[in-house]
Amino acid sequence: MSVEYKNDDFVLKFIDLDEQVQDTVNKYEAYLSAFTSANFAHVREAVKQAVAFFVSEKYATTRDLAAFSYEANAVMQRKYTAKGEYLDRLIIPDKKSVSIDLATGTGKSWVIFGVAQILLAEGFVDKVLVLCPSLTIEEELKAKFERFCGDDTLTKILEELGARYPSPGIKSANVPILDGDICVENIHAAYERTGSSIEDSFKGKGSRTLVISDEAHHIYSGADASTKKWFDFLVNPDYGFQYLLGLSGTPYIEDDYFHDVIFRYGLQQAMEDGVVKKINYKVEESKTAKGWFETYANHAGLKEKYDGVLKPISIVITDKIVTCVQVWNELIGFLMETEKISRQEAERKVIWVASGVPSNPKEKAEVLRLVPSAEKVRKANLLALKTVDEFESDVEWIVSVSMLTEGWDVKNVFQIVPHEQRAFCSKLLISQVLGRGLRIPAGLEHPVYVTINNHERWTDEIRDLYRGVLETESRISWGYDPARAKYAFPLYNLTYSSQQDTVETKEKKADAPQKVVLQPQDESREETSEYSETGTFRFRIEMRDRVSLQQAAREMKLFLKDHDDALATKWPVSRIKKWIQVSLKACGYADEWVSRENLGRLKQSFGPVFRETGKSVPRMKLQADGFVKIETASMHRQSFCESQLRNQKGYMLFDANSGDALQPDEKELFNGFVGDRGHYDRVKEACVRYGGRGEDVTFLKENLIDVPELTGPQNLLFLSSKPELGFVKTAVDGFQELFDSILKSPDRGFYEIPYSYKPTEKGGSHVRRENFNPDFLMKVKDQNRLLVVEIKGDHDDTKKNRAKQRDAREHCDQLNQMLESNGIDWTYHFYFLSPEDYGSFFKAVADKNWYWQSQLMQELGKTI
């Protein structure tokens with residue numbers, strides 16, 4: 001399904017053309033130009049928008065601005081059918097209280113200071129209070145503000161403009177805050193009565209004070225009890241604050257976007273502009289547990305890529321402090337073994353970062369068990385964050401808690417590893433975690449990527465949250481359409497189980513172990529993952545659960561002795577050792593060690609020697625044990641994103657009724673594409689819909705295929721390759737009369753056929769079992785005959801394809817026999833086709849030559 005609403009749809013619409021408001025804003029153009037670099041136009045616009053709102057008399061409160069925005073915004077009206085329902089969602093409606101959404105790393109500090117400086121310069125307020133969630137952020141903001149105030153060029157511009165306070169004082173709340181000052185303080189000081197000047201300096205003076213909250217999402221966070229008081233402080237009538245501005249790169253209350261945002265510069269836009277790193281998140285991977293190996297391989301690749309330029313940092317995100325420390329300890333052990341270093345050396349490379357030590361007694365005890373001086377180490381690690389980017393620092397890895405209130409600014413983060421799904425279970429958490437790695441180090445040219453290496457168990461679950469945060473995935477769904485039920489047909493598939501194949505009765509004991517079929521035990525094996533931006537990533541996983549040959553022989557000796565003393569006497573350690581070596585060499589493996597799994601297999605090979613005579617021994621094999629009926633209507637819907645069409649990475653086939661089965665937002669996107677295709681020449685000339693910058697819109701002609709009628713149960717078809725497109729177009733254009741229905745099978749889960757193959761030719765290589773979904777299921781005209789078709793490129797005769805053909809043809813033969821024996825009149829045929837076969841395939845269908853073989857099928861018929 002597509003993203004129904006985007007955050008841009010809910011940004012408040014501020015318009016005030018009053019001359020005085022415009023003169024005030026335009027007055028500071030020279031200041032803002034000197035204050036920011038050329039590529040930070042969004043910072044200048046954010047400052048001007050906030051200043052204009054505060055000085056404007058058109059909207060006395062946020063409620064007034066929100067009511068105006070609602071009347072002018074059809075999307076708001078669609079989501080909230082009553083204005084009152086929308087206005088009730090405002091958190092602080094009766095003051096001038098708004099938020100600015102700036103993606104992390106795009107200049108929030110500049111916006112905070114710019115708004116504060118201009119409103120002080122204008123004399124609109126007498127003082128500014130900047131609140132933040134931690135001491136770390138406070139120190140960083142103060143350092144930046146002092147640098148801004150010390151800029152002689154900026155001060156001179158403000159003096160020429162007649163600013164009331166051209167160089168404000170930057171203070172903390174440990175001294176009195178005077179008119180013309182900007183007070184930067186962490187929120188905890190607002191609650192303290194000892195040593196804080198906040199109450200004396202601001203109480204009763206709210207009408208002449210601007211309060212700016214940095215990391216404003218903490219105001220509404222339930223994670224930290226102290227930050228819950230933040231909101232109470234802002235609305236405390238004793239202070240009477242009237243002008244409130246919040247800034248956040250993650251303006252969410254869980255998954256709900258703030259309702260008071262007046263300006264937005266989102267993550268996707270920042271990535272496109274090259275202001276922050278592009279997010280390279282995992283979209284697919286092999287289903288093999290990989291431990292730390294992929295994470296380490298990513299990290300090693302980054303170190304090689306940036307060697308001599310910078311020191312890359314990888315961060316691992318957990319949801320709790322105790323887990324953070326446990327994962328830190330686990331990573332320490334992995335590095336010790338992988339890099340052959342001492343624990344002390346590993347601990348210099350990995351630090352854990354948390355906002356405290358757990359209060360829960362059990363969790364606290366676990367942390368202290370692993371780190372006896374936990375609080376001391378924690379504080380030292382926070383200090384270490386300030387220098388981790390430097391070459392002199394040994395730190396390469398940071399393990400952190402997702403909802404960490406301590407801010408830290410590390411530019412060299414290039415890999416983020418969410419260790420648990422709970423650390424990435426909402427848009428807020430995802431946005432916060434992504435923010436850890438968005439800043440681009442100086443000197444790097446775009447595109448620069450931050451890789452998100454999430455755990456394989458929940459790649460699918462968090463993908464939609466990624467899309468929601470990035471707002472890149474407006475999608476169109478396709479699948480079964482009830483309005484096309486006349487094209488539906490029943491499907492049958494086999495079920496498989498492990499069944500007894502033969503029975504063997506031993507008349508006498510075996511005098512030697514049976515031949516051993518060992519699993520691959522290369523010191524490492526290759527695995528792959530697919531990432532959204534960089535594509536396929538290949539890495540190796542080491543075989544670490546292994547024992548030396550001598551140790552394996554001794555364990556075998558004890559094993560034999562436990563079962564049969566007489567047999568153990570015949571098999572001394574030297575003989576066992578030689579036998580293991582022979583078994584390993586026969587498979588082409590090194591004979592210095594044996595994997596724990598293969599040691600188990602070696603032990604099992606003595607089973608026939610132990611087995612009593614006269615007993616029956618079953619042999620098992622995977623066999624078809626029945627069949628199931630599959631209704632076409634049960635087919636799950638699939639979807640594709642608009643970028644796949646724009647980037648010409650797929651083809652959409654549609655007819656006049658394809659849009660009828662879509663949701664309203666999908667239909668809007670679909671109709672936009674189809675409408676532009678109908679006016680292609682005009683769109684190509686103007687390119688207005690696609691940004692007005694002359695983008696290539698040839699996809700409208702080449703990747704949107706209009707057909708007279710789709711004779712199948714799906715509302716439209718999305719094809720991922722040119723061979724698939726060529727097949728369907730050939731069928732639709734010239735041979736549609738040969739079929740009652742043509743169904744494009746989903747890529748996963750709907751109609752699967754099992755197959756097996758040996759990945760390598762090496763002796764003893766294990767057999768890999770997988771499933772594949774054939775591309776098309778085609779019902780022959782006026783017959784209960786189904787053609788199962790898999791499409792590949794010409795001469796694509798890989799080992800996997802040969803196995804697919806062999807097992808799919810056997811599958812169909814067994815299915816036909818089973819259906820016939822149960823009185824069901826359906827026949828299945830399997831075909832492997834490539835573009836050179838299409839014409840002769842359809843001729844064979846017309847001739848009812850069901851046993852015809854394509855050129856590709858003949859090539860695939862070679863021995864596997």
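The values are calculated or read from the model by the stated rules, or taken from the named source; none is laboratory data. What you see is a predicted model, and the numbers here were worked out from it, not measured in a lab. Positions of Cβ are backbone-derived with ideal geometry, glycine not excepted, and every protein chain shown enters the neighbour counts. With ligands, DNA and RNA removed, areas are computed over all heavy atoms of the protein, side chains included. Shrake-Rupley method; radii C 1.70, N 1.55, O 1.52, S 1.80 Å.
Ordered by residue, what ³J(HN,Hα) values in Hz, to whole numbers, does segment 364-371 give under the Karplus form 6.51 cos²θ - 1.76 cosθ + 1.60, where θ = phi - 60° and Gly and Pro are x?
3J(HN,Hα) across segment 364-371, in whole Hz: 4, 4, 5, 4, 5, 5, 7, 9.
Tell me the label-point distance for the pair Arg147, Glu445, using the 7 Å Cα-to-Cβ offset, in nm and rounded to one decimal.
Label-label distance for Arg147 and Glu445, simple model: 2.6 nm.
Can you give the FRET efficiency for Asp813 and Glu375, using 1/(1 + (r/R0)^6), R0 = 60 Å, r = Cβ-Cβ distance, to the nearest 0.05?
0.30
In whole percent, and with a 1.4 Å probe on the protein chains, what portion of the accessible area of the chain is carbon and sulfur?
46 percent
Give the calculated FRET efficiency between Phe627 and Arg682 to the nearest 0.05, with a Förster radius of 45 Å applied to their Cβ-Cβ distance.
Efficiency, rounded to the nearest 0.05: 0.25.
Please list, in chain and number order, the residues 5+ apart from Ser639 or on another chain whose amide H is under 5 Å from its amide H, with Hs placed from the backbone.
Trp478
Nearest 10 degrees is fine. How inclined is helix 293-305 to the longest principal axis of the chain, computing both from alpha carbons?
For 293-305 against the chain, the angle is about 60 degrees.
Can you put Lys722, Lys561 in order of accessible area, largest first, using a 1.4 Å probe?
Details: Lys722 145, Lys561 120 Å².
So the residues, ranked largest to smallest area, are Lys722, Lys561.
Using only the Cα atoms of segment 283-394, build the gyration tensor, take square roots of its eigenvalues as a ≥ b ≥ c, and label the shape rounded, prolate or oblate: rounded if a/c is under 1.5, else prolate if a/b is larger than b/c, else oblate. Write down the numbers at each step before the final one.
Details: a/c = 1.88, a/b = 1.32, b/c = 1.42.
It is oblate, given that a/c is not under 1.5 and a/b is not larger than b/c.
Please list, in order along segment 488-494, the HN-Hα scalar couplings obtained from phi with the Karplus expression 6.51 cos²θ - 1.76 cosθ + 1.60 (θ = phi - 60°), rounded to whole Hz, x for Gly and Pro.
Karplus-based 3J(HN,Hα) across segment 488-494 equals 6, 8, x, 10, 10, 9, 7 Hz.
Can you compute 3J(HN,Hα) from phi for each residue in segment 383-391, using the Karplus curve 6.51 cos²θ - 1.76 cosθ + 1.60 with θ = phi - 60°, rounded to whole Hz and x for Gly and Pro?
The phi angles translate into 5, 5, 4, 5, 10, 5, 6, 7, 4 Hz.
How big is the antiparallel share of DSSP beta bridges in the chain, given as a percent to the nearest 5?
For the chain, the DSSP antiparallel bridge percentage is about 45.
Describe numerically, in nm with one decimal, the distance between label points set 7 Å from Cα along Cα→Cβ at Glu530 and at Glu272.
Calculated label separation equals 2.4 nm.
Taking every pair of alpha-carbon atoms in the chain, give the share separated by more than 37 Å as a whole percent.
Tail of the P(r) past 37 Å holds 59 percent of the pairs.
Checking the cross-link filter: which lysines have an alpha carbon closer than 24 Å to that of Lys570, excluding same-chain neighbours under 8 positions apart?
The reachable lysines, counting only those whose Cα sits under 24 Å from Lys570, are Lys506, Lys508, Lys509, Lys515, Lys557, Lys561, Lys578, Lys585, Lys603.
What angle do you read, to the nearest 10 degrees and between 0 and 90, between the alpha-carbon axis of helix 135-149 and the longest principal axis of the chain?
50 degrees
Return the long-range amide H neighbours of Ile705 (sequence gap of 5 or more, or a different chain), with a cut-off of under 5 Å between placed amide H atoms.
Here the answer is Met652, Leu653, Phe654, since their amide H atoms fall under 5 Å of that of Ile705.
Report, in listed order, any pair from Lys799/Lys848; Lys229/Lys320; Lys144/Lys379; Lys722/Lys800 with a Cα-Cα distance greater than 26 Å.
Lys799/Lys848
Rounded if a/c is under 1.5, else prolate if a/b beats b/c, else oblate: with a ≥ b ≥ c from the C-alpha gyration tensor eigenvalues square-rooted, which is segment 92-185?
Rounded.
How high is the relative contact order of the chain, in percent, with contacts defined as C-alpha pairs under 8 Å that are six or more residues apart?
RCO, the chain: 10 percent.
Anything over 26 Å Cα to Cα? Flag those among Lys6/Lys701; Lys58/Lys127; Lys629/Lys667, in the order listed.
Long pairs (Cα-Cα over 26 Å): Lys6/Lys701; Lys629/Lys667.
Name the aspartates and glutamates eligible as straight-distance cross-link partners of Lys577: C-alpha to C-alpha under 16 Å, and not fewer than 8 places from it in the same chain.
By straight Cα distance, Lys577 reaches Glu555, Asp591, Glu592.
Could you work out how far helix 722-734 tilts from the main Cα principal axis of the chain, as a 0 to 90 degree angle to the nearest 10?
70 degrees
For segment 315-379, rounded, prolate or oblate, judged on the Cα gyration tensor with a ≥ b ≥ c (square roots of eigenvalues), a/c < 1.5 rounded, else prolate if a/b > b/c? Let's see the in-between values first.
Details: a/c = 2.04, a/b = 1.84, b/c = 1.11.
Judged from the Cα gyration tensor, segment 315-379 comes out prolate (a/c at least 1.5, a/b above b/c).
Tell me which residues come under 5 Å, amide H to amide H, from Gly712 once H is placed; ignore anything under 5 positions away on its chain.
Ile742
Over the chain, average the accessible area per residue using a 1.4 Å probe and give it in Å², no decimals.
Counting only protein heavy atoms, the per-residue value for the chain is 45 Å².
If you count only protein heavy atoms and use a 1.4 Å probe, how large is the accessible surface of Lys800, to the nearest 10 Å²?
Rounded to the nearest 10, the figure is 80 Å².
If the chain between Ser821 and Ala34 were fully stretched, how many nm would it gain, using 0.36 nm times the residue separation less the Cα-Cα distance?
274.8 nm
Which order do Asp260, Asp747, Asp273 take by accessible area at a 1.4 Å probe, largest first?
The residues order as Asp747, Asp273, Asp260, largest area first.
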